Amino acid sequence: MLTYTIRRLLIAIPTLLFISLIIFLILDLAPSDPTASLPLTIPPEVRAEIRASLGLDEPVHIRFGLWLYQFFVNEPINLIEQWTGASFGEESRPRVVSWQTRSPVVDLIAQRMPQTLWVVGTSYVVGILIAVPIGVISAYRQYSWFDQLGTFISMLGFSVPTFFTGVLFIVIFSVQLGWFPSVYDTTHVVTDFASFWVQIKQIIMPVMVLGLFNASQISRFMRASMLDNLNQDYVRTARAKGLSEQVVVLVHVLRNSMIPVVTVIALGVPQVFGGAIITEQVFKVNGLGHLLIGAIQGGDIPTVQTLTFIFAFLIVLFNLIADVLYGILDPRIRYD
Amino acid sequence: MLDGATPSVLDVKGLKTVFKTRRGEVHAVNDVSFHLKAGELLGVVGESGSGKSVTMMSLIGLLPSPPAEVRNGTVMFEDQDLLTATDEQLRAVRGARIGFVFQDPMTSLNPVFNVGFQLMEPLRKHMGMNKSAARKRAVELLELVGIPDAARRLKDYPHQFSGGMRQRVMIAIALACDPKVLIADEPTTALDVTIQAQILELMKDLRDKLGMAVVWITHDLGVIAGIADRVLVMYGGQVVEHAPVRELFKNPQHPYTHALLQTVPNVRGKREARLEVIEGQPPILGAPPSSCPFRPRCARAIARCEVENPLREPVSQGHDVACFHPVSATEAQNA
């Protein structure tokens with residue numbers, strides 16, 4: 001398993017380099033212009049100078065090479081220096097800088113990451129916690145009213161997009177009932193119980209919107225996987241041993257059913273970051289998705305490039321995690 | 001039909017099992033009665049779909065309900081009617097005093113738990129053993145069923161065992177709590193012939209050693225001839241003939257039993273041009289039978305078979321048959 005993991009990590013390096021090249025080329029081909037949102041009174045030659053100051057007059061391979069060097073060499077060295085306090089070589093290293101804010105992209109991401117992790121992470125955990133029991137009960141009582149209701153709600157949750165449910169929730173719970181704030185305040189600090197309650201109130205709607213979507217998907221997988229296993233011969237064997245239904249279902253069947261579901265959950269983590277972009281917009285959560293949308297609108301190529309690459313990295317990483325988990329959960333699978 | 005010398009450990013009377021499907025009811029087990037004496041091996045033969053397995057699963061509530069429903073009958077096991085017992089009481093019987101071995105050892109063990117865990121489960125539940133006692137007993141059991149290097153193999157997963165070895169593990173699980181009755185549902189069907197012979201030897205051996213009664217479901221008459229004391233022949237969810245094993249092979253009375261014996265190819269003498277077959281398909285009964293279920297495929301059918309379902313009538317000591325026009329002894333020998 002260890003050699004397999006190391007081999008996969010090594011294979012990931014050329015994969016990620018290739019992905020970063022593709023992203024860079026696509027962004028370069030896109031007709032976006034960082035000076036487009038500047039006032040029209042600025043003469044063309046000044047615009048050209050602005051573009052030159054951003055490095056846009058260099059040929060594409062130079063720009064890509066510089067980005068690679070800045071992102072993979074300079075930024076990690078900076079991070080290590082920050083953490084250890086040690087200093088390596090020259091004092092100032094060129095960093096990947098946002099064209100919009102003139103601030104290093106990595107710093108921007110570090111600022112935005114906690115919000116996304118809080119909202120999206122909580123919603124994913126909530127989604128899993130709701131989905132697994134619903135899937136188990138739905139499968140065990142197939143075609144019961146519980147199963148029918150669960151199927152209906154998950155079809156609804158899966159097919160209605162989050163930008164619709166988000167706005168619907170805002171209309172019902174913020175505008176009509178006035179229970180929760182419609183905007184997520186990222187500057188809110190939890191210090192005591194009262195402020196914690198405020199945090200709960202502002203996080204509940206985005207978490208429910210994303211959680212409903214995630215739970216719908218995972219509960220369907222859970223149900224299907226349970227149904228596959230409930231009819232297996234080993235379940236009959238377990239019953240023939242005189243084990244209680246609880247042990248039969250929650251030990252024998254669930255352990256087998258979790259194998260594909262855990263894979264789906266792991267593969268879903270990077271997708272959640274993507275899906276959260278819309279929800280972050282709706283609830284004004286100042287997270288990574290918000291940052292990405294703003295950067296795309298402003299033609300801020302370094303930010304878009306870096307963020308997209310991080311998403312790609314997460315996808316590659318969680319694919320590997322899913323494969324390793326599969327090997328751990330299923331004794332029949334051995335990679336070495 | 002009861003020759004009541006030794007008391008029965010299992011006494012089944014008038015068992016009826018019905019499956020409710022969307023297209024109506026299927027009567028899978030119709031008025032089945034039999035008994036099982038301590039220490040004997042009862043063979044149950046019949047084609048696929050004759051209700052052999054369903055009968056045995058009904059006894060102990062292993063059929064999923066719905067769709068299955070046990071309508072009628074009594075199953076007396078150690079002064080307890082299993083059909084009226086609560087789920088909790090049934091669970092105390094299953095795996096403890098009645099053990100099961102199923103047909104396909106490749107799928108009957110849980111793939112994600114090691115063999116030791118699966119073997120220790122009934123020990124810990126029914127015998128109240130702690131982990132170390134259960135482990136000790138599990139090693140003994142694996143040695144008993146002839147698995148070499150038992151202590152080390154406890155940690156292995158089912159996929160690390162061959163088919164025959166897995167069936168030995170299944171037998172070890174079934175025997176874990178010293179059951180009075182072992183129900184073996186085609187335990188050798190999925191195995192190749194040499195492994196089949198090994199498992200048969202093992203079962204004979206274990207029965208002599210442990211003295212439990214065995215119900216052996218099979219469609220292999222050769223297996224029955226080799227190990228059974230008495231035989232039930234089932235057709236259309238009914239027992240059509242019941243006899244001691246020698247009597248059944250020497251003097252089959254029911255045309256179905258007779259035909260079944262004809263289908264066994266003979267390895268001595270001239271080779272037949274074609275294998276004997278019983279033409280047609282076994283019936284799927286949508287209602288309780290009102291005529292003989294074998295009638296459409298029976299060469300000896302008479303008018304009465306159309307209007308009445310024959311009951312089991314004794315023909316000699318311990319031998320009974322459900323037929324209006326049975327095969328006579330001379331015919332059987334001439335065939």
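Which residue out of B:ALA273, B:ALA225, B:ALA213, B:ALA303 is free of Cβ contacts under 8 Å to residues at least 40 places away in the same chain and under 30 Å from B:GLN198 (Cβ atoms)? Spell out how you get there, then give the answer.
On the way: B:ALA273 fails: under 30 Å from B:GLN198 (Cβ atoms); B:ALA213 fails: free of Cβ contacts under 8 Å to residues at least 40 places away in the same chain; B:ALA303 fails: under 30 Å from B:GLN198 (Cβ atoms).
Just a single option satisfies the conditions, and that option is B:ALA225.
Can you tell which of A:PHE309, A:PHE283 is farther than 21 Å from A:ILE19 by Cα and open to solvent by less than 30 Å² (accessible area, probe 1.4 Å)? Give the derivation first.
Working: A:PHE309 fails: farther than 21 Å from A:ILE19 by Cα.
The unique qualifying residue is A:PHE283.
Have a look at A:ILE293, A:ILE277 and point out the one that is more than 24 Å from A:ARG8 (Cα to Cα) and in contact with a His (Cβ under 9 Å, 6 or more places away or on another chain). Don't jump to the end; show me each part of the working.
Numbers: A:ILE293 fails: in contact with a His (Cβ under 9 Å, 6 or more places away or on another chain).
So the residue among A:ILE293, A:ILE277 that is more than 24 Å from A:ARG8 (Cα to Cα) and in contact with a His (Cβ under 9 Å, 6 or more places away or on another chain) is A:ILE277.
Does A:VAL247 satisfy the criteria of being open to solvent by 20 Å² or more (accessible area, probe 1.4 Å), assigned to a helix (DSSP H, G or I) and hydrophobic (A, V, I, L, M, F, W, C)? Lay out the reasoning, then the answer.
Details: open to solvent by 20 Å² or more (accessible area, probe 1.4 Å): yes; assigned to a helix (DSSP H, G or I): yes; hydrophobic (A, V, I, L, M, F, W, C): yes.
When the stated conditions are applied, A:VAL247 passes them.
Just need a number here: residues in region B:169-195 that are open to solvent by less than 30 Å² (accessible area, probe 1.4 Å) and on the phi < 0 side of the Ramachandran plot.
So in region B:169-195, the residues open to solvent by less than 30 Å² (accessible area, probe 1.4 Å) come out as B:169-177, B:179, B:181-188, B:191.
Imposing the further condition that a residue be on the phi < 0 side of the Ramachandran plot reduces the set to B:169-177, B:179, B:181-185, B:187-188, B:191.
Qualifying residue count for the region: 18.
Looking only at residues in region A:5-47 that are of a type in the set (Val, Ile, Thr) and over 24 Å from A:LEU68 (Cβ atoms), which one is surrounded by the fewest Cβ atoms within 10 Å (Cβ to Cβ)?
Filtering first and then ranking leaves A:THR41.
So in region B:85-102, with the set limited to residues that are assigned to a loop (DSSP other than H, G, I, E, B) and at the interface with another protein chain (Cβ under 8 Å from one of its Cβ atoms), which one is surrounded by the fewest Cβ atoms within 10 Å (Cβ to Cβ)? Full working, then the answer.
Going residue by residue through region B:85-102, those that are assigned to a loop (DSSP other than H, G, I, E, B) are B:85-86, B:95-97, B:102.
Imposing the further condition that a residue be at the interface with another protein chain (Cβ under 8 Å from one of its Cβ atoms) reduces the set to B:95-96, B:102.
Details: B:GLY95: 27, B:ALA96: 20, B:PHE102: 26.
Here the residue is B:ALA96.
Please work out which residue is nearest to the other protein chains (Cβ to nearest Cβ), limiting yourself to region B:108-121 and to residues that are farther than 16 Å from B:ILE171 by Cβ and out of contact with any His (no Cβ under 8 Å at 6 or more places or on another chain).
As a first pass, look at region B:108-121 and keep what is farther than 16 Å from B:ILE171 by Cβ: B:110-114, B:117.
When the remaining residues are screened for being out of contact with any His (no Cβ under 8 Å at 6 or more places or on another chain), the result is B:112, B:114, B:117.
Details: B:VAL112: 5, B:ASN114: 8, B:PHE117: 10 Å.
Out of the qualifying residues, it is B:VAL112.
Mind listing whichever residues of region A:312-334 are open to solvent by less than 40 Å² (accessible area, probe 1.4 Å) and touching a Phe, Trp or Tyr at 6+ places or on another chain (Cβ under 7 Å)?
A:LEU314, A:GLY327, A:PRO331
So for region A:154-177 (the condition being within 14 Å of chain B (Cβ to nearest Cβ) and either surrounded by fewer than 18 Cβ atoms within 10 Å (Cβ to Cβ) or without any contact (Cβ under 8 Å) to a residue 24 or more places away in the chain (or both)), does at least one residue qualify? Working first, answer last.
Within region A:154-177, the first condition is being within 14 Å of chain B (Cβ to nearest Cβ), and the residues that meet it are none.
So far as region A:154-177 goes, no, none of its residues is within 14 Å of chain B (Cβ to nearest Cβ) and either surrounded by fewer than 18 Cβ atoms within 10 Å (Cβ to Cβ) or without any contact (Cβ under 8 Å) to a residue 24 or more places away in the chain (or both).
Residues in region B:145-158: is at least one at negative phi, in contact (Cβ under 8 Å) with a residue 60 or more places away in the chain and more than 9 Å from chain A (Cβ to nearest Cβ)? Break it down into steps so the answer makes sense when it comes.
So in region B:145-158, the residues at negative phi come out as B:145, B:147-148, B:150-158.
Then keep just the ones that are in contact (Cβ under 8 Å) with a residue 60 or more places away in the chain; that gives B:145.
Retained after the next criterion (residues that are more than 9 Å from chain A (Cβ to nearest Cβ)): B:145.
Taking every residue of region B:145-158 in turn, at least one turns out to be at negative phi, in contact (Cβ under 8 Å) with a residue 60 or more places away in the chain and more than 9 Å from chain A (Cβ to nearest Cβ).
Taking the stated definitions as given, is A:VAL261 open to solvent by less than 30 Å² (accessible area, probe 1.4 Å), touching a residue at least 60 places away in the same chain (Cβ under 8 Å), of a type outside the set (S, T, N, Q) and within 30 Å of B:PHE102 (Cβ to Cβ)?
Working: open to solvent by less than 30 Å² (accessible area, probe 1.4 Å): yes; touching a residue at least 60 places away in the same chain (Cβ under 8 Å): yes; of a type outside the set (S, T, N, Q): yes; within 30 Å of B:PHE102 (Cβ to Cβ): yes.
So A:VAL261 passes the test.
What are the pairs, 6+ residues apart or on separate chains, where a residue within region A:238-256 that is facing another protein chain (nearest Cβ under 9 Å) and in contact (Cβ under 8 Å) with a residue 40 or more places away in the chain has its Cβ under 8 Å from a residue that is open to solvent by 10 Å² or more (accessible area, probe 1.4 Å) and of a type in the set (Lys, Arg)?
Filtered contacts from region A:238-256: no entries.
Quick one: in region B:122-135, which of the residues that are outside any loop (DSSP other than H, G, I, E, B) and free of Cβ contacts under 8 Å to residues at least 24 places away in the same chain is nearest to the other protein chains (Cβ to nearest Cβ)? Talk me through it step by step, then tell me what you get.
If we filter region B:122-135 for residues that are outside any loop (DSSP other than H, G, I, E, B), which is where we start, we get B:122-126, B:131-135.
Next, only the ones that are free of Cβ contacts under 8 Å to residues at least 24 places away in the same chain stay: B:124, B:131-135.
Details: B:ARG124: 10, B:LYS131: 16, B:SER132: 20, B:ALA133: 18, B:ALA134: 13, B:ARG135: 17 Å.
Selected residue: B:ARG124.
Restricting to region B:291-307, name every residue that is over 26 Å from the mean Cα position of the chain (by Cα), open to solvent by less than 80 Å² (accessible area, probe 1.4 Å) and charged (D, E, K, R).
B:ARG300 - this is the single residue of region B:291-307 that is over 26 Å from the mean Cα position of the chain (by Cα), open to solvent by less than 80 Å² (accessible area, probe 1.4 Å) and charged (D, E, K, R).
Just the residues that are within 15 Å of the chain's Cα centre (by Cα) and within 13 Å of another protein chain (Cβ to nearest Cβ), please, taken from region A:257-286. Give the steps one after another, and end with the answer.
So in region A:257-286, the residues within 15 Å of the chain's Cα centre (by Cα) come out as A:264-281, A:285-286.
Once the filter is applied, which keeps residues that are within 15 Å of the chain's Cα centre (by Cα) and within 13 Å of another protein chain (Cβ to nearest Cβ), region A:257-286 yields nothing.
How many of the residues making up region B:154-163 are surrounded by 19 or more Cβ atoms within 10 Å (Cβ to Cβ) and either among the β-branched types (Val, Ile, Thr) or part of a helix (DSSP H, G or I) (or both)?
1
Pick from region A:216-236 the residues that are open to solvent by less than 20 Å² (accessible area, probe 1.4 Å) and under 30 Å from B:VAL101 (Cβ atoms): which of them is nearest to the other protein chains (Cβ to nearest Cβ)? Steps first, please.
Initial filter on region A:216-236 (open to solvent by less than 20 Å² (accessible area, probe 1.4 Å)): A:216, A:218-219, A:222, A:225-226, A:234-235.
Retained after the next criterion (residues that are under 30 Å from B:VAL101 (Cβ atoms)): A:225-226, A:234-235.
Working: A:SER225: 13, A:MET226: 14, A:TYR234: 4, A:VAL235: 8 Å.
This residue is A:TYR234.
Just need a number here: residues in region A:186-197 that are open to solvent by less than 70 Å² (accessible area, probe 1.4 Å) and without any contact (Cβ under 8 Å) to a residue 60 or more places away in the chain.
Taking region A:186-197 as the starting set, the residues that turn out to be open to solvent by less than 70 Å² (accessible area, probe 1.4 Å) are A:186, A:188, A:194-195.
Of the ones still in play, those that are also without any contact (Cβ under 8 Å) to a residue 60 or more places away in the chain are A:188, A:194-195.
Total satisfying the criteria: 3.
Across region B:12-44, what is the number of residues that are within 14 Å of the chain's Cα centre (by Cα) and part of a strand (DSSP E or B)?
So in region B:12-44, the residues within 14 Å of the chain's Cα centre (by Cα) come out as B:12, B:29, B:32-36, B:40-44.
Filter once more, keeping what is part of a strand (DSSP E or B): B:12, B:29, B:32-36, B:41-44.
Of the residues in region B:12-44, 11 are within 14 Å of the chain's Cα centre (by Cα) and part of a strand (DSSP E or B).
The values are calculated or read from the model by the stated rules, or taken from the named source; none is laboratory data. What you see is a predicted model; the values in this text were computed from it and never measured. Note: ideal-geometry Cβ built from the backbone for every residue, glycine included; neighbour counts use all protein chains shown. In case anyone asks, the SASA skips ligands and DNA or RNA and just uses the protein heavy atoms, side chains included. Shrake-Rupley method; radii C 1.70, N 1.55, O 1.52, S 1.80 Å.
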